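The values are calculated or read from the model by the stated rules, or taken from the named source; none is laboratory data. Just so we're clear, the structure is a prediction, and the values are computed from it rather than from any experiment. Methodologically, a virtual Cβ is constructed for each residue, glycine included, from the backbone with ideal geometry; neighbour enumeration extends over all protein chains shown.
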Amino acid sequence: MDKIKVFYVRCDCEDDSAVEELIKVILKNKSDIEGRVEFCPVDEFPSEFDKNDIIILKESNDEKDKIMNKIYLVDGELNERAVVNAQQRSYVYAIFDVKRFYGERKEYSEMARFEDVLKRLVRDKLSTRFLESEMSKPVNWKIDLSNYSKEKFISMFSDENMRAVIFKANRIVESLKSTAKQFQKFRKDVEIKINELKKLENSNTQELSKVQEIFGKINDKSKELSIGKLPSILITGPTGSGKTLFAKYIARKFLENDFEDHFAKVTLINISETIVDSELFGTFPGSFTGSLYKMGKFLSNAGGVIFLDEIGEISEKIQAKLLTYLDDMKVTIDGYSDPRGLKVPVMIIAATNKEIKKEIETGNFRRDLFERFDYSIRIPSLKERKSDFRYILSFVLQDQLTSLQKEKEIKRISLKAIEKVERYDYPGNFRELESLVKEAIMNAYIDGRDCILEKDFEIV
């Protein structure tokens, strides 16, 4: 099959070699393009060409006004006259200031835009000559996860918006180094005592004296801490944007090697106030009929990190108890009447998809609790992370292939499929992308193909 030709009409100017080199690099570096396109630098407008061929020329050299697939290079300032002139010629695909491709005015962003335009035009023409599956990319074209550690944190480093969030998180953890060391020492000091308390859960009344004795010893260790304020972070962002993943990222950096044993997640949505209270703060006999001693997450995770998912859903009573805890490290256990209380250090990371400031205005969330959080971090939606969406897509493809154990069956994804998912806005964010990719993989697998096609993504 004949190759598509890309003509560059020279004009005997100093920028000819720079433009030629740029076009060569673009056409050579893309596996789906290389070998299917012929680059043709010419000294004058070609007399013979195919309707799918592409012509790149200086505006002043255009002798054939109605020829399709033209890219204009303006030699000088890209001013109003040049733009209006191009707009009036309906067959012009794009227009660029060629001086920005080299020399003192060189702009890499403009060169990248030229690359994107040329690639899209070439691929559009190639699509008329090749099957969709032949115009494809390997699933690892942006990032290679062949030695994937199963950690999804790397999906957060792809775009400018998310990098800014990561940078903020790293600075926060860096500022908490001293606190992290004290937490680590506390964990070691009370480890045996916490394990004893776990064995005493649901114990009878006769054993409660032993529980209270251990509480006293933990309080003594808490007094040795020189923490001015418990660390706390509030993560906001839309549903499915990756708040849990981000909370784990922060906790892992804070806890380091102790992450697996000292990180706990508590989901607060659709759970009664009584259960939330018991889950977080524990219970003591006497708090209600038939109640037994039970450790809550704060105590069982002493010196660790607790992630409170959907904190915007908790009742006023639980908000008040959280406020007390953040104020003085006091775990308020229903039924436990010792005036000294129980004090244990825990780092709280909370998350919500609600607009907290609106919740405060409507009286659903306490302003003073909101203000107790040291730091607030907003996770951008997937729609806001489109600057390098293909990096994220490449990651999700490989991640889902690993989960579904289909790495050997599915190897590629078509360019049309990539462009289709790239155009979608993802109201369900990262979680929705994962679901769509999983479905596309299974559609391709059921159909016996090793390439995911546009039709495999069932986007309404």
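Just wondering, is there one or more residues in region 375-382 that are out of contact with any Phe, Trp or Tyr (no Cβ under 8 Å at 6 or more places or on another chain) and surrounded by fewer than 17 Cβ atoms within 10 Å (Cβ to Cβ)? The answer is yes, given that some residue of region 375-382 is out of contact with any Phe, Trp or Tyr (no Cβ under 8 Å at 6 or more places or on another chain) and surrounded by fewer than 17 Cβ atoms within 10 Å (Cβ to Cβ). Of everything in region 323-350 that is farther than 24 Å from GLN184 by Cβ and buried (at least 19 other Cβ atoms within 10 Å of the Cβ), the residue that is modelled with the highest pLDDT is ILE333.
Exactly one residue out of ASP327, ASP338 is assigned to a loop (DSSP other than H, G, I, E, B) and in the same structural domain as LEU197 (by TED's automatic domain parsing), and it is ASP338.
Residues of region 19-38 being among the hydrophobic types (A, V, I, L, M, F, W, C) and either surrounded by fewer than 17 Cβ atoms within 10 Å (Cβ to Cβ) or outside the structural domain of PHE101 (by TED's automatic domain parsing) (or both), which ones? Don't jump to the end; show me each part of the working.
Applying the first criterion (among the hydrophobic types (A, V, I, L, M, F, W, C)) to region 19-38 yields 19, 22-23, 25-27, 33, 37.
Hit for region 19-38 is VAL25, nothing else.
Considering region 258-288, the residues that are part of a loop (DSSP other than H, G, I, E, B) and polar (S, T, N, Q) include one that is surrounded by the most Cβ atoms within 10 Å (Cβ to Cβ), namely SER287.
When you go through PHE130, PHE96, PHE114 one by one, which is the residue that is more than 30 Å from LYS253 (Cβ to Cβ), at pLDDT 85 or above and assigned to a loop (DSSP other than H, G, I, E, B)?
Step by step, each of PHE130, PHE96, PHE114 is checked, and only PHE130 is more than 30 Å from LYS253 (Cβ to Cβ), at pLDDT 85 or above and assigned to a loop (DSSP other than H, G, I, E, B).
For region 289-322, residues that are under 29 Å from the mean Cα position of the chain (by Cα), part of a strand (DSSP E or B) and not hydrophobic (A, V, I, L, M, F, W, C) total 1. All of LYS185, LYS168, LYS210, LYS152 fail the test of being surrounded by 12 or more Cβ atoms within 10 Å (Cβ to Cβ) and closer than 14 Å to VAL344 by Cβ, apart from LYS185. Yes or no: ILE392 over 25 Å from SER127 (Cα atoms) and either out of contact with any Gly (no Cβ under 8 Å at 6 or more places or on another chain) or buried (at least 16 other Cβ atoms within 10 Å of the Cβ) (or both)? When the stated conditions are applied, ILE392 does not pass them. On inspection, LEU245 passes the criterion of being aliphatic (A, V, I, L, M), more than 22 Å from GLU359 (Cβ to Cβ) and at pLDDT below 95.
With the structure loaded, tell me whether LEU245 is in contact with a helix residue (DSSP H, G or I) (Cβ under 9 Å, 6 or more places away or on another chain), in contact (Cβ under 8 Å) with a residue 40 or more places away in the chain and either surrounded by fewer than 22 Cβ atoms within 10 Å (Cβ to Cβ) or among the β-branched types (Val, Ile, Thr) (or both) or whether it fails that test. Yes; evaluated as a whole, the condition is true for this residue. Checked against the criterion of being in contact with a helix residue (DSSP H, G or I) (Cβ under 7 Å, 6 or more places away or on another chain) and free of Cβ contacts under 8 Å to residues at least 24 places away in the same chain, the candidates GLU279, GLU260 yield just one match: GLU279. Of the residues making up region 93-112, those that are over 25 Å from GLY35 (Cβ atoms) and within 29 Å of the chain's Cα centre (by Cα) are GLU107, TYR108, SER109, GLU110. Scanning region 218-234 for residues that are out of contact with any Pro (no Cβ under 7 Å at 6 or more places or on another chain) and part of a loop (DSSP other than H, G, I, E, B), we see that the one that is surrounded by the most Cβ atoms within 10 Å (Cβ to Cβ) is PRO231.
With respect to LEU255, is the statement that it is in a helix (DSSP H, G or I) and either under 18 Å from the mean Cα position of the chain (by Cα) or among the β-branched types (Val, Ile, Thr) (or both) true? Answer is no for this residue.
Selection of region 417-460 for residues being of a type in the set (Ser, Thr, Tyr) and touching a residue at least 24 places away in the same chain (Cβ under 8 Å) yields TYR424, TYR426, TYR445. Scan region 410-460 for residues that are farther than 20 Å from GLU384 by Cα, part of a helix (DSSP H, G or I), out of contact with any Cys (no Cβ under 8 Å at 6 or more places or on another chain) and not charged (D, E, K, R) and the total you get is 8.
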